[in-house]
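Working notes, structure below.
The values are calculated or read from the model by the stated rules, or taken from the named source; none is laboratory data. For clarity, every value in this text was computed on a predicted model and none was experimentally measured. Counting neighbours? That spans all protein chains shown, and the Cβs are built from the backbone with ideal geometry, glycine included. The protein model used for the area step is the full one, side chains on, heavy atoms only, and it has no ligands, DNA or RNA in it. Shrake-Rupley method; radii C 1.70, N 1.55, O 1.52, S 1.80 Å.
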Amino acid sequence: DTGVSQNPRHKITKRGQNVTFRCDPISEHNRLYWYRQTLGQGPEFLTYFQNEAQLEKSRLLSDRFSAERPKGSFSTLEIQRTEQGDSAMYLCASSFEVNTEAFFGQGTRLTVV
Amino acid sequence: GENVEQHPSTLSVQEGDSAVIKCTYSDSASNYFPWYKQELGKGPQLIIDIRSNVGEKKDQRIAVTLNKTAKHFSLHITETQPEDSAVYFCASGTYKYIFGTGTRLKVLA
């Protein structure tokens, strides 16, 4: 296992289009997190999963955002009707259990034009 | 709401000197405090962490201290090297991690 994998690494889309990102966590990790990071800021929590259950969603996650982790393995984050303000780096992380090291992927950089 | 403040936002030190970054958290239930290093175009990478039942932890040139009463924790890097130049983030959490705004560290050769 080579760590947390995110695809694609970069995505450029037109405003109003839908986009979907994928995250493959470290295989034995039960917890999976999505964060968003804008330039010069720290990662902002979006949502997290314990196995396939989505346990918390941030208020930052509008109804245009949806995340799934159907079999408790990989996860997808979909943004519908993208807006320019959605442009950011979307980071995925996974950990074995609570309060243990969270390993981050390289992120997906989204640019909405 | 939960909040983590981090200072300074930028820090320049001469190679070989020490660097200190400080964070303050608001959620008294937080019991896990990781520090991450992020290089340009990459995801954050954990460099050291501390749990609330420990006051200090050291790993070679890196150390972290925690004062739960004051809700403060700090990162100390000694004998800095040019490859230490990066953005450093503190975080605190229980079941999720809230990040600080980052410190851009420049080590001048």
In segment B:11-51, the residues that are open to solvent by less than 40 Å² (accessible area, probe 1.4 Å) and over 18 Å from B:Val87 (Cβ atoms): B:Tyr25, B:Ser30, B:Tyr32, B:Ile50
Based on this model, can you work out whether A:Arg64 counts as open to solvent by 60 Å² or more (accessible area, probe 1.4 Å) and away from chain B (no Cβ under 11 Å)? no
Given the conditions (1) under 24 Å from A:Gln41 (Cβ atoms); (2) out of contact with any His (no Cβ under 6 Å at 6 or more places or on another chain), every one holds for A:Arg109 apart from (2)
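Every residue, every condition in (1) aliphatic (A, V, I, L, M); (2) within 30 Å of B:Thr10 (Cβ to Cβ); (3) at pLDDT 95 or above, yes or no:
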residue	(1), (2), (3)
A:Leu55	yes, no, no
A:Phe74	no, no, yes
A:Ile79	yes, no, yes
A:Met89	yes, yes, yes
Within segment B:33-67, take every residue that is farther than 19 Å from B:Thr101 by Cβ and hydroxyl-bearing (Ser, Thr, Tyr) and give me the one that is farthest from the chain's Cα centre (by Cα). B:Ser52
Applying the selection to segment B:59-104, what residues are farther than 25 Å from A:Gly3 by Cα and among the charged types (D, E, K, R)? B:Arg61, B:Lys68, B:Lys71, B:Glu79, B:Arg104
Name every residue in segment A:2-25 that is more than 13 Å from chain B (Cβ to nearest Cβ), of a type outside the set (Asp, Glu) and open to solvent by less than 60 Å² (accessible area, probe 1.4 Å), in order of residue number. A:Pro8, A:Thr13, A:Gly16, A:Val19, A:Phe21
